[in-house]
Amino acid sequence: MPRNAHLRPIPPLAAVLGSLALAATLTACGGDSGASDAKVVTVYSADGLKGENGDGWYDQVFKDFEKETGIKVKYVEGGSGEMVQRAVREKSNPQADVLVTLPPFIQQADGKGLLATYAPKGSDQVDGAGKAADATWTSVVNNYFGFVYNTKELKQPPTTWEELLDAKYRNKLQYSTPGVAGDGTAVLIKAIHDFGGKEPALAYLKKLQANNVGPSASTGKLAPKVDKGELLVANGDVQMNYAQSKTMPNLGLWFPAHQGGKPTTFALPYAAGLVTKAPHTANGKKLLDFMLTARAQRQVSEIGGGFSSRKDVEATDANAVALTKLMDGVEIFAPDWTEIDKNLQSDVEDWKTATGS
């Protein structure tokens with residue numbers, strides 16, 4: 001799923017030196033001290049919600065949030081796994097206030113103690129599968145895994161995994177790296193589901209490697225290559241790719257099927273959580289509340305080309321209608337995220353061994 005990157009002040013003199021030292025200590029520990037009053041909030045996020053030209057859901061929500069609260073949003077973007085690893089490295093001195101990633105990385109972040117307990121306002125309208133039972137994370141945008149193809153070079157999209165083994169896709173196909181990118185990990189999850197197990201899925205992905213350009217930490221960077229014809233096929237997700245297709249005329253969305261089966265997909269929501277001992281905890285809570293307001297959730301489809309995570313927000317805009325049509329006939333399965341999180345490391349290692357990556 002492009003992915004970028006980013007990040008304190010002094011008063012009078014003598015009598016204040018002690019309090020300055022104390023404040024510095026609390027800030028360095030990531031405590032919710034006076035730093036929480038600073039008019040800033042830092043977001044570490046998987047890519048896909050910020051527009052290429054400032055026209056994405058994040059762009060609008062952050063602009064509205066800053067206008068309404070006076071709190072400036074500092075934004076750092078990368079692959080889901082990359083963002084979690086960055087937060088892990090900073091755990092003793094957190095720099096982020098809010099972490100947004102795709103599954104199973106949000107579960108991974110929770111398991112590593114990176115997320116604090118906080119149920120944002122409006123989270124009571126999010127289905128149980130879209131939030132943690134202990135309120136450490138909540139889905140802010142619903143989404144589905146998918147693939148993209150070049151509509152100019154391919155008059156019809158491929159329909160099956162098996163078609164991608166054709167020689168015409170040699171060095172014209174790429175998927176982001178499992179274990180690093182959320183959408184890359186989704187390739188492995190979907191293949192295991194569609195082929196009926198890990199062994200047949202890895203056997204297929206080993207064959208596919210002959211056509212694969214190579215690793216990519218960023219799923220978001222693949223769609224522009226497909227649009228230009230540098231690639232014919234790549235992985236992605238519905239929200240990000242649908243939004244990109246507005247400015248990329250040669251980008252089409254499709255869902256692979258196992259030969260003889262139906263096209264399938266699964267929910268891959270953007271899930272957000274408050275970082276443990278965040279430097280600006282109060283501001284992080286305000287931003288999470290704001291993301292789940294009815295207004296922001298209506299903009300998920302209107303602006304972001306995604307699906308609202310609130311069940312009481314019924315989108316009827318043109319994008320919502322088109323997205324419903326796009327998903328017609330696609331079978332949606334429900335991954336066991338707890339099991340996936342538990343086996344993720346070994347599954348990724350097995351994928352590396354199978355593909356020589």
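Can you say whether Val61 is surrounded by 17 or more Cβ atoms within 10 Å (Cβ to Cβ), closer than 15 Å to Gly284 by Cα, within 17 Å of the chain's Cα centre (by Cα) and not assigned by TED's automatic domain parsing to the domain that holds Leu344, as far as the supplied structure shows? Spell out the reasoning first.
Values: surrounded by 17 or more Cβ atoms within 10 Å (Cβ to Cβ): yes; closer than 15 Å to Gly284 by Cα: yes; within 17 Å of the chain's Cα centre (by Cα): yes; not assigned by TED's automatic domain parsing to the domain that holds Leu344: yes.
So Val61 passes the test.
Are any of the residues in region 46-53 at pLDDT below 95, charged (D, E, K, R) and not in a loop (DSSP other than H, G, I, E, B)?
Within region 46-53 (the criterion being at pLDDT below 95, charged (D, E, K, R) and not in a loop (DSSP other than H, G, I, E, B)), the answer is no, since none of the residues qualifies.
Does Thr338 qualify as being at pLDDT below 95 and under 18 Å from Gly130 (Cα atoms)?
Details: at pLDDT below 95: yes; under 18 Å from Gly130 (Cα atoms): yes.
Judged against the criteria, Thr338 is a match.
Listed here are the residues, each with its yes/no results for (1) among the charged types (D, E, K, R); (2) assigned by TED's automatic domain parsing to the domain that holds Val40; (3) at pLDDT below 95; (4) more than 19 Å from the chain's Cα centre (by Cα).
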residue: Tyr75; (1), (2), (3), (4): no, yes, no, no
residue: Gln85; (1), (2), (3), (4): no, yes, no, no
residue: Asn93; (1), (2), (3), (4): no, yes, no, yes
residue: Asp97; (1), (2), (3), (4): yes, yes, no, no
residue: Thr101; (1), (2), (3), (4): no, yes, no, no
residue: Ser123; (1), (2), (3), (4): no, yes, no, no
residue: Thr151; (1), (2), (3), (4): no, no, no, yes
residue: Lys172; (1), (2), (3), (4): yes, no, no, yes
residue: Gly179; (1), (2), (3), (4): no, no, yes, no
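Give the residues of region 60-104 that are part of a helix (DSSP H, G or I), over 21 Å from Asn142 (Cβ atoms) and among the aliphatic types (A, V, I, L, M), sorted by residue number.
Listed by number, the residues that qualify are Ala87, Val88.
Residue check, Pro256 against (1) over 27 Å from Asp134 (Cα atoms); (2) in contact with a Ser or Thr (Cβ under 9 Å, 6 or more places away or on another chain); (3) surrounded by fewer than 19 Cβ atoms within 10 Å (Cβ to Cβ), all met but one. Which one?
Going through the list (1) over 27 Å from Asp134 (Cα atoms); (2) in contact with a Ser or Thr (Cβ under 9 Å, 6 or more places away or on another chain); (3) surrounded by fewer than 19 Cβ atoms within 10 Å (Cβ to Cβ), Pro256 breaks only (3).
Here are the criteria: (1) over 27 Å from Ala191 (Cα atoms); (2) of a type outside the set (Lys, Arg); (3) out of contact with any helix residue (DSSP H, G or I) (no Cβ under 9 Å at 6 or more places or on another chain); (4) surrounded by 14 or more Cβ atoms within 10 Å (Cβ to Cβ). Tell me which single one Asp124 does not satisfy.
Among (1) over 27 Å from Ala191 (Cα atoms); (2) of a type outside the set (Lys, Arg); (3) out of contact with any helix residue (DSSP H, G or I) (no Cβ under 9 Å at 6 or more places or on another chain); (4) surrounded by 14 or more Cβ atoms within 10 Å (Cβ to Cβ), the lone unmet condition for Asp124 is (4).
For region 137-232, list the helices (runs of 4 or more DSSP H) that sit wholly inside it and hold at least 2 residues that are in contact with a Pro (Cβ under 8 Å, 6 or more places away or on another chain); which are they?
Values: elements: 182-195, 198-208, 222-228.
In region 137-232, 182-195 are the helices (runs of 4 or more DSSP H) which contain 2 or more residues that are in contact with a Pro (Cβ under 8 Å, 6 or more places away or on another chain).
Of the numbered conditions (1) in the same structural domain as Asp97 (by TED's automatic domain parsing); (2) at pLDDT 95 or above; (3) more than 18 Å from Leu102 (Cα to Cα); (4) among the β-branched types (Val, Ile, Thr), Val275 fails exactly one; give the number of that condition.
Every listed condition holds for Val275 apart from (3).
Which of (1) surrounded by fewer than 16 Cβ atoms within 10 Å (Cβ to Cβ); (2) under 19 Å from the mean Cα position of the chain (by Cα); (3) not charged (D, E, K, R) does Phe266 not meet, given it meets every other one?
(1)
Out of Asp134, Asp183, report the one residue that is of a type in the set (D, E, K, R) and buried (at least 21 other Cβ atoms within 10 Å of the Cβ). Can you show your working first?
Values: Asp134 fails: buried (at least 21 other Cβ atoms within 10 Å of the Cβ).
Answer to the selection: Asp183.
The values are calculated or read from the model by the stated rules, or taken from the named source; none is laboratory data. The model shown is predicted, which means the values in this text are computed figures rather than measured ones. When we count neighbours, we look across all protein chains shown, and the Cβ atoms used for this are built from the backbone with ideal geometry, even at glycine.
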